[in-house]
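This report concerns only the one structure given below.
Just so it is clear, none of the values below were taken in a lab; they were calculated from the coordinates. Bear in mind the structure is a predicted one, so any value in this text is a computation, not a measurement. When we count neighbours, we look across all protein chains shown, and the Cβ atoms used for this are built from the backbone with ideal geometry, even at glycine.
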Amino acid sequence: MRTMSPWWIRIPFIFFLIFGLVEYYVDSGDKPAFIEYPMVQLFLLMVLLILIAIELIVKSVENVLFQTLPEEAKERYLNAKSASWEWAWGKRMYKKLLGSKPIEEEGEIILDHNYDGIKELDNKLPPWWVYLFYATILFGVVYLARFHVFNDYDQAREYEMEVAAAQAAIEEYRKTAKDLVDVNTVTLLTDASDINAGRLIFETNCVVCHMADGGGGIGPNLTDEYWIQGGGIKNVFRTISEGGRDGKGMIAWKQTLKPAEMAQVASYVLSFQGTTPANPKAPEGEIWIDENAPQDQNPQEESASDSTTVALNEQ
């Protein structure tokens, strides 16, 4: 029943061995895995509890087996165990936290109950359990005072703070994860690197239908303000992703291009607006007006101004 190493060496050694394996195999970027993923924290906590539980079970089995030994064997075992080196302070603290009687003193607290040779001990509650219970009472008092007496933030406020923090984290993540973009979140890209990347994609896949200057050929003219399926970054992104009109429009590119690439080429396509191609194709579709664009003046005022100008010219 002798062990090669004490429990206070076995448990930390095995725990940190598993901890190192988790950090090695779980890809968490620059942060430790137990900080990046809460599930890793839960897993490590469960591992620690299981290791402690195993040691307690082994100790209980050892105690049961000890009781089955003859008196001479018990004495030899106790002498051998006392002769082996152990951390005295740790052993004292362990016994103090358990608060149980030593094996040789269990006769003082044994009860009259006897169940098929199994006798019951009148052990007190372990001090660690009692102290933990007192700590929960203290926590409850502080919680009551903080949230019900001094009216600190409530659940609604905490929810709002958590949502705001999550939104900020999502926005920060999207800055480095462009492939998460979709038709609802795509925005017009203006960086030179994105425009150049869009130009390369356009010249590789799109010039056969739209010409290199966007003037149009098989496909429509991209330089005028007429659009078949709507202009603006969201509509252009959707058209590139899902394709044009059924049966006669552009194919869907979502299986070929990544979302970030479609955003880049859509931004490059919009850069053709206002340019003059060599052989522009006749307009197709309808004039598209961005409803979110700022209005310099009221359309009715513009119409009235145009009518006044025409009347003056006729005079």
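Miscellaneous remarks
- Sorted by Cβ neighbour density within 10 Å, fewest at the top, the residues PHE43, PHE202: PHE43, PHE202
- Cleavage-rule hits, trypsin sites (Lys or Arg not before Pro), region 115-209, DSSP coil, Cβ neighbours within 10 Å at most 15: LYS124
- Prolate/oblate/rounded call for region 235-289, Cα gyration tensor, a/c under 1.5 rounded: oblate
- Helix-derived mean residue ellipticity, 222 nm - over the chain, DSSP H n ≥ 4, -39500 (n - 2.57), to 500: -18000 deg cm²/dmol
- Cross-link pairs LYS31/LYS96; LYS91/LYS124; LYS96/LYS119 - those with Cα-Cα distance over 30 Å: LYS31/LYS96
- Table column - 3J(HN,Hα) (Hz), region 266-278, Karplus curve with 6.51, -1.76, 1.60, x for Gly and Pro: 5, 5, 5, 4, 5, 6, 6, 4, x, 7, 10, x, 5
- Dividing the mean sequence gap of close Cα pairs (under 8 Å, 6+ apart) by how many residues region 7-86 holds gives a relative contact order of 24 percent.
- Taking a quarter of the surface of the Cα convex hull of the chain gives a mean projected area of 34.8 nm².
- For region 156-283, the convex hull spanned by the alpha carbon atoms encloses 130 Å³ per residue.
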